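What follows is a set of notes on a single structure, which appears directly below.
Quick note: the coordinates plus some simple rules give every number you see, no bench work behind them. The structure displayed is predicted, hence computed values, not measured ones. Cβ placement follows ideal geometry from the backbone for every residue including glycine, while neighbour counts extend to all protein chains displayed.
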Amino acid sequence: MVDSGQTFINRDSILTSQLAQLRILACLAVVVLAVVSAKPAHAGSSNSLMDISADGELLACSNRDSGTVTVVDLATNKVLREVTVGHHPEGVSFIGQSHEIAVAVYDDDTIVILDADSGNSRAAVSVFDEPYGIVSTRDGSRIYVTLDYPGQVVEIDPRTAKITRTFSAGAFPRGIAITPAENQLLISEYLTATIRAIDRSSGKLVDEWPGSSTDNLARQLVIHPKRPKAYVTFIRSKVTAHQGAGSIFPYVGIADLVESEDSRRKRMPLDSVFGTRVTANPWEAAISPDGRQLYIVFSGTDDVFVCDTIDDDYRELKLAKYITTGRNPRAVRTSPDGARFFVYNALDFEVAVFDAKTLRQTAKISITKNPLSSEVHLGKVLFYTALPPMTSQRWISCSSCHPDGQPDGRTWHNPEGLRQTPPLHGLAFTHPQHWSADRDETQDFEHTIRGPLMGGQGLHKGRLNKPLGATNRGLSASLDALAAYTNSHTFTLSPYAKNGLSPSAERGRKLFTSKQTRCAECHSGPFFTDSQSGKPGVRHDVGTGNADDSETMGSSYDTPMLLGLYRSAPYLHHGSALTLHDVLTTQNAADKHGTTSHLSPAEVNDLAEFLKSLPYEQPEPLAAGAGIIKVAN
């Protein structure tokens, strides 16, 4: 998960003598003092989809669907302005004590710096790919941004709008927080929930708090303002469980930022702490300025948990109360004085304001107009909810494995065999679906909703047609809406092709399309697959089916689309190929997955470089021009 060149402190090797232990403990005592005596957390000290200015006057909220950032006057709870920033903004942070805002625009690979008072954009900083979390130092001299891919943190001088340094940060870092002493950055890995510490002075990785092998989807973390503790929310993805009641669980992890006799990381389940009230899909957390309360929002069940922090290094949290809020809450922030907290209900396109003492909602702020069609909006609500009729026990939603159309990085032990979670982009154009090609339309997933995985009542009350049989389209407006949203995910160009194909990738393209390798015989057309909507499914035996003893549907599989391969490892239906080189070599010894065994190492590298560059041009216009798909006017 981490580049071999990255260095970590290995405490087992350091503590070789009693003297060494005493020296380490002495150093850690200094760290504890620095954390405890430092100033409280400030605006922009941990990543979020919302932030509040240091003076408490303004709230900024990024609107992923609208491509905007909204600025709210917190004295009146009125929207001052909404500023267009680009495709799918994520993290937003006020810069130091100012009213300037830095926004991580995920799909445009840019950091936009704008003035909240005027709404004018001052600069846009280009980064390699997929900026997500963003934080600022207290004096505003530096901002730090996680790049989901390729696993980096970039340091930016906001005054010059220039990248000053780039740090390695593991695999898929999203969450980021700056310690109260500002000597370290903490990051959380999205697909593992591992927390890592980066020394701000040297830029080196200096510590880590690994998660369990089942930990997944950690987008954000927060640091206690007075104690050496960090909190990260995530889900447990138990890939061996076939039912929602056992496969997906919500958790909060608590990391001790200093050495202790006990485990330095604890985990607390959040699924059913209030009797039978199950929660699903925690998205963000916030801690009060005094450090006494931790707030957690659950995007699947529309809940907010209010937790008391406990200073005993054992129990850590007492889950005190819960609040029901609007649809798909994705962010929570507290005011600098701790009197209020704010919840971003993403699919209501509004921010709810709560009194921190009474926990009563005091205001509701509409922050952007719904940019989605009524059908796609309904489908997205259904996709993200873990409530009936999508489920019966509230543990799981479609977004538990496919958040924002991306894969969860897991290979699931499904009843039919091992199945790697695929991305959803291009799904509308590459039917049939599933590795087993056992569904020819997205409406067939009604069988999953009614089945043991989700256990829901379903979106159609009557008889359902079998998969691959008569169409289920038109049976239910809700089911068609779910299909419309699921099929709406489009493509961004590969970061490896921003300036066109490299010489190595161009050589790889020629190999890919040659009769020598035969790769393009199956991975054909603009979507690099011979699976097309409206045509019978074509499955191929590429020599991988016999590697899975649990397989029940034979050894032939649907041809996966290759667009976006650079970020969707591991590969193949069983997830056994960790890299694209493995796909072409160790996982293709019999040349059933293209003829590649004769290629030299340099040629294999060229072919992998080409695959990493997909898509290097948008496929929909090419497919429309070739008559493969119809594009609505």
Inter-part gap, Cα centre of the stretch 80-153 to Cα centre of the stretch 389-404, in whole angstrom, is 30 Å
When the charge dipole of the stretch 374-486 is computed with +1 on Lys and Arg Cβ and -1 on Asp and Glu Cβ about the Cα centre, the Cα farthest towards its positive end, among H431, H402, T448, belongs to T448
Rounded to whole Å, √(5λ) for the Cα gyration tensor eigenvalues of the stretch 495-625, largest first, gives 23, 19, 13
Out of T586, S576, T70 - ranked by how far each Cα lies towards the positive end of the dipole of the chain, with unit charges on the beta-carbon of charged residues - the top one is T70
Per the helix-only model, the chain has a calculated mean residue ellipticity at 222 nm (DSSP H runs of ≥4, -39500 (n - 2.57) each, divided over all residues, rounded to the nearest 500) of -4000 deg cm²/dmol
Dividing the mean separation of Cα pairs under 8 Å (6+ apart) by the residue count of the stretch 11-366 yields a relative contact order in percent of 11 percent
Relative contact order as a percentage, the stretch 495-625, C-alpha pairs under 8 Å and 6+ apart, gives 36 percent
Bounding extents of the stretch 182-302 in its principal axis frame from Cα atoms, largest first in Å, are 46, 33, 28
Cα extents of the stretch 488-565 per principal axis, largest first, Å, are 44, 35, 24
Normalised Cα Rg of the stretch 115-231, dividing by 2.2 N^0.38 Å with N its residue count, works out at 1.06
Helix 374-384: inclination vs the chain longest Cα principal axis, degrees, rounded to 10, gives 70 degrees
Computed for the chain: size of charge dipole around the Cα centre, +1 on C-beta of each Lys and Arg, -1 on C-beta of each Asp and Glu, debye to nearest 20, value 740 debye
With +1 on the Cβ of every Lys and Arg and -1 on the Cβ of every Asp and Glu, the dipole magnitude of the stretch 495-625 about its Cα centre, in debye rounded to the nearest 20, is 380 debye
Here Rg/Rh (Cα, Kirkwood) for the stretch 374-486 equals 0.92
The base-10 log of I(q)/I(0) that the Debye equation returns for the stretch 11-366 at q = 0.07, 0.15 Å⁻¹, one scatterer per C-alpha, is -0.27, -1.30
Taking a ≥ b ≥ c as the square roots of the Cα gyration tensor eigenvalues, with a/c under 1.5 meaning rounded and otherwise prolate when a/b beats b/c or oblate if not, the stretch 309-402 comes out oblate
Reduced to Cα centres, the span from the stretch 249-291 to the stretch 569-607 in Å works out to 40 Å
Magnitude of the Cβ-charge dipole (Lys and Arg +1, Asp and Glu -1) of the stretch 384-449 about the Cα centre, nearest 20 debye, reported as 260 debye
Taking Cα atoms, the helix 477-486 axis meets the longest principal axis of the chain at an angle in degrees (rounded to 10) of 80 degrees
By the Cα gyration tensor axes a ≥ b ≥ c (a/c under 1.5 gives rounded; else a/b larger than b/c gives prolate, otherwise oblate), the shape of the stretch 355-403 is oblate
Loop-resident chymotrypsin sites (Phe, Trp or Tyr not before Pro) in the stretch 368-402 with no more than 11 other Cβ atoms inside 10 Å, DSSP not H/G/I/E/B, are none
Within the stretch 323-428, DSSP-loop trypsin sites (Lys or Arg not before Pro) with at most 14 other C-beta atoms within 10 Å are K357, R360, K369
Scoring the chain by relative contact order with C-alpha pairs under 8 Å, at least six apart, yields a percentage of 8 percent
Low-density loop chymotrypsin sites (Phe, Trp or Tyr not before Pro), the stretch 237-334, at most 14 other Cβ within 10 Å, DSSP non-H/G/I/E/B, are Y314
